[in-house]
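The structure appears right after this line, and notes come after that.
The values are calculated or read from the model by the stated rules, or taken from the named source; none is laboratory data. Bear in mind that the values here come from a model prediction, so they are computed numbers and not experimental data. We place every Cβ from the backbone using ideal geometry, glycine too, and count neighbours over all the protein chains shown. Remember, those area values only see protein heavy atoms, side chains included, never the ligands or the DNA or RNA. Shrake-Rupley method; radii C 1.70, N 1.55, O 1.52, S 1.80 Å.
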Amino acid sequence: MLERLNSESLAHLPEDVESPAYDRSRVTPGIVHLGIGAFHRAHQAVLTDLAMAASGDLSWGIVGVSMRSPATRDALTPQDGLYTLALRDAGPDGQAREQLRVVGSVLRIVVAEEDPQAVLERIASPQTRIVSLTVTEKGYSHEPSTGHLRWDDPDIAHDLANPVRPRSTIGMLVYGLALRRERSLPPLTLLSCDNLHANGDTLRSLVLAFALRVDVGLTAWIDNHCTFPNSMVDRIVPGTQDEDRAHVARRLGFEDAWPVVGEPFLNWVIEDKFAAGRPAWDAAGASFVRNAAPYERLKLRMVNAPHSAFAYLGSMLGLRTNSEAAATPALRRYVDDMMRLELGPTLRGIPESGLEEYRLRFLARVANPALPHRTRQVAMDGSQKVPQRLLAAIRDRMQRGDDFGRLALAVAAWLHYLRGYDELGNAYSIQDPLAGALAKLLARADVAATASSPAQAAHRRATVVAGFRPVFGDLGRKPAFVDALALHLERLRTFGVLGALEALERDAVPVPEGSVQPMPAA
Ligand code: CS2
C-alpha cells in the first residue's frame, strides 16, 4: 500500500518528477476558479504554479470550486490540494514519452452544490482578485445560437428566486458580486477560459443581464468594477482513467487519487485587461494581447471544428479514440481538406504559412497515440459546440458564396450521431443538455420524412431539423444550408460514414456535362 501524496511527500519525490519551486506554506488565495475539472488542472493551474515560481509573488493560490460533484474535493483534500500532471506524447522514434509534475497552486476545493454560501463568500473575499471559469459551454446557461441568457433554464429561474443558494454559474457570480459591492471591495476580473465565441464578452453580457433583473445599481457597479477579458485556451486533456492512476502511483511512489493527463502542447492567449493585477502567467508561457478575437476564431475553427468532425464520424465508425479516427485514411483526408479548403480561408489576416503550420500541428496533436482521447468525450454537448465550431464558418462561407459541403457533412454527422448507435450496432447515450429536445426534434423529423414522398423525404427531414433555432438560429431558413444538410444526412443514413466521405470526394471531381454521378454501393 503506497502512502498518499501530500505536502510531506514533496521532499521524497523521484528526481525526474517536477514539483512546486516555491514555499507552499506562504501561498495565499488570490483566484477563485469555478469548474475545477481536468482541463483547468492541466492548464491554468499549472501556469499559475509556474508563474508563482518564476515571479516569487505567492498571492495567487487557487480556491477551486466544483459546481456539483464532490469527487475532486474528496480526492484532493487529503492531498493538501496537490495532484500530478502527466504530459504524454511519442518521441521521434515512436516511443511513448511522459513528463510528470506535481502541481501546487490549488489550495482547497469547495463544492458549490453543498455549500453555495462558501462560494459567495470566496468571491466576496478581499483576497480574491480574479474569478476564473472552466464550466464548459453548457455552464453558461445561454442559448448557443444567440449567446443570450436562457431565462427558461431551470437553474436560472431557481436562482432569480433564491439569492442565498444559487445553483447556476451566472447566479453564483452575480450574487457573489452583489456581496462584494455591499462590502465596498475593490475591483475584480472575471476570466472565462471556455471554448466559447468571445468568451469574456459573452460572460459579461450574461452576468449583466442577470444582474439587471436583481438590481439596476448592481449592473452599474459591475460595469464600473469588473473586467471580462476574452481568452483562448488550448491543450488536449482526456478524462483520467484508472490505469492512469495506477501508472502515476507507480512512477511517483505515492498514491494520487486524481492525477490529470494531457499533451505537452499548451496555448493560452489572454486580453490584458485585469482589474486588480494577475499572476505572471506570461513568465510561464501565456501570451497577452489587446484583442483575442483572431486567436479564438483560429482555435475554434482549426482545432475544435476538426476535433468535433473526427469525434462524430469516428464514433459512428465505432472508433473509440480520436487518434484512431485520425489514423483512418478517408477520415483524415476529409478533415484535412475541410481545414485547408473550407475553414482556413475563413481566417482572413492569418498568413497561409501560419495556417499551414497550425493545421499540420493539430493533425499531429490529434494523432498522439500516447493520449487515448475518447471520441465520445469530444462528441458530448454537441448542441453547445456546433454553432461556434461549424455553423459560424458555414455562415461566413455562405455570405461570400463559397461552398461548404465538408462543413455541412460535419454538422450532418452530429445529427446522425444523435440517433444513439454506431455502425457496428453499439448503443450509447446522448450527453447533451438539450438531449430531450433534440430527441423530440429527430422524432418529428422522422414523422415528417415518412409522410413525404420518397423524393422529398430527405429534404423534409433536414428542413425540420434545421428549424431548431437554439442551435441553428436563422440558418434553418437558408435554402443552400438545408439542401446541403439534406444531402449529407441522407448519404450518412444510406451509405454510412465511408460511403458519405467517398461521395463527397467524388463531388469535388468535376463531372462531365450530361453524365450522372454514381452513388456508392450501400
Ligand atoms: C474538445 C476540446 O472536448 C472537446 O470538445 O474539442 O476539449 C479540445 O480538446 C480542447 O479545446 C483543446 O484545446
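Some notes on this structure:
- Every test in (1) open to solvent by 10 Å² or more (accessible area, probe 1.4 Å); (2) more than 15 Å from the ligand (Cβ to nearest atom); (3) under 26 Å from Glu18 (Cα atoms) is passed by Leu266 save one, and that test is (2).
- Considering each residue of the stretch 393-400 in turn, none proves to be farther than 15 Å from Leu341 by Cβ, touching a residue at least 60 places away in the same chain (Cβ under 8 Å) and within 16 Å of the ligand (Cβ to nearest atom).
- Check on Ser353, modelled with pLDDT under 95, among the hydroxyl-bearing types (Ser, Thr, Tyr) and not in a loop (DSSP other than H, G, I, E, B): yes
- One residue from Leu498, Leu492, Leu475 being open to solvent by 10 Å² or more (accessible area, probe 1.4 Å) and modelled with pLDDT of 95 or more: Leu498
- Taken together, the criteria exclude Arg444 from residues that are in contact (Cβ under 8 Å) with a residue 12 or more places away in the chain, open to solvent by 70 Å² or more (accessible area, probe 1.4 Å) and under 28 Å from the mean Cα position of the chain (by Cα).
- Residues in the stretch 405-441 that are in contact (Cβ under 8 Å) with a residue 24 or more places away in the chain, surrounded by fewer than 21 Cβ atoms within 10 Å (Cβ to Cβ) and in contact with a Phe, Trp or Tyr (Cβ under 6 Å, 6 or more places away or on another chain): Leu441 only.
- Restricting the stretch 478-487 to residues that are over 26 Å from the mean Cα position of the chain (by Cα) and within 16 Å of Ala449 (Cβ to Cβ) leaves a set whose member that is surrounded by the fewest Cβ atoms within 10 Å (Cβ to Cβ) is Asp483.
- Test for Pro116: is it more than 18 Å from the chain's Cα centre (by Cα), surrounded by 21 or more Cβ atoms within 10 Å (Cβ to Cβ) and in contact (Cβ under 8 Å) with a residue 12 or more places away in the chain: yes
- Every residue from the stretch 269-292 that is within 16 Å of the ligand (Cβ to nearest atom), crowded, with 16+ Cβ neighbours inside 10 Å and either free of Cβ contacts under 8 Å to residues at least 40 places away in the same chain or over 21 Å from the mean Cα position of the chain (by Cα) (or both): Val269
- Residue check, Leu371 within 15 Å of the ligand (Cβ to nearest atom) and surrounded by fewer than 18 Cβ atoms within 10 Å (Cβ to Cβ): no
- Look at (1) buried (at least 18 other Cβ atoms within 10 Å of the Cβ); (2) closer than 21 Å to Pro306 by Cα; (3) not acidic (Asp, Glu) and you find that Ala449 fails only one, number (2).
- Of the residues examined, Gly81 is one that is open to solvent by less than 10 Å² (accessible area, probe 1.4 Å), assigned to a loop (DSSP other than H, G, I, E, B) and in contact with a strand residue (DSSP E or B) (Cβ under 7 Å, 6 or more places away or on another chain).
- Of all residue pairs spaced 6 or more apart or on separate chains, none has beta-carbon atoms under 7 Å together with a first member in the stretch 293-314 that is without any contact (Cβ under 8 Å) to a residue 60 or more places away in the chain and a second member that is open to solvent by less than 10 Å² (accessible area, probe 1.4 Å) and near the ligand (Cβ under 10 Å from one of its atoms).
- Residue check, Gly35 touching a Leu at 6+ places or on another chain (Cβ under 9 Å), on the phi > 0 side of the Ramachandran plot, within 16 Å of the ligand (Cβ to nearest atom) and among the small types (Gly, Ala, Ser): yes
- When Arg204, Arg250, Arg213 are checked against the criterion of being open to solvent by 30 Å² or more (accessible area, probe 1.4 Å), in contact with a Phe, Trp or Tyr (Cβ under 6 Å, 6 or more places away or on another chain) and not hydrophobic (A, V, I, L, M, F, W, C), Arg204 stands alone in meeting it.
- Checking each residue in the stretch 229-247 for being open to solvent by less than 20 Å² (accessible area, probe 1.4 Å) and more than 10 Å from the ligand (Cβ to nearest atom) picks out Pro229, Asn230, Ser231, Asp244.
- Matching residues, the stretch 54-78, being over 19 Å from Thr134 (Cα atoms) and either basic (Lys, Arg) or open to solvent by 40 Å² or more (accessible area, probe 1.4 Å) (or both): Ala54, Ser55, Gly56, Asp57, Asp74, Thr77, Pro78
- Test: Ser515 is modelled with pLDDT of 95 or more and open to solvent by less than 80 Å² (accessible area, probe 1.4 Å): no
- Scanning the stretch 305-340 for residues that are touching a Lys or Arg at 6+ places or on another chain (Cβ under 7 Å), buried (at least 20 other Cβ atoms within 10 Å of the Cβ) and part of a helix (DSSP H, G or I) returns Ala305, Ser308, Ser315, Ala326, Tyr334, Met338, Met339.
- Test: residue in the stretch 321-336 that is over 22 Å from Asn230 (Cα atoms) and either at pLDDT below 95 or within 12 Å of the ligand (Cβ to nearest atom) (or both): yes
- The single residue among Ala457, Ala435, Ala443, Ala427 that is closer than 17 Å to Pro144 by Cβ and at pLDDT 95 or above turns out to be Ala435.
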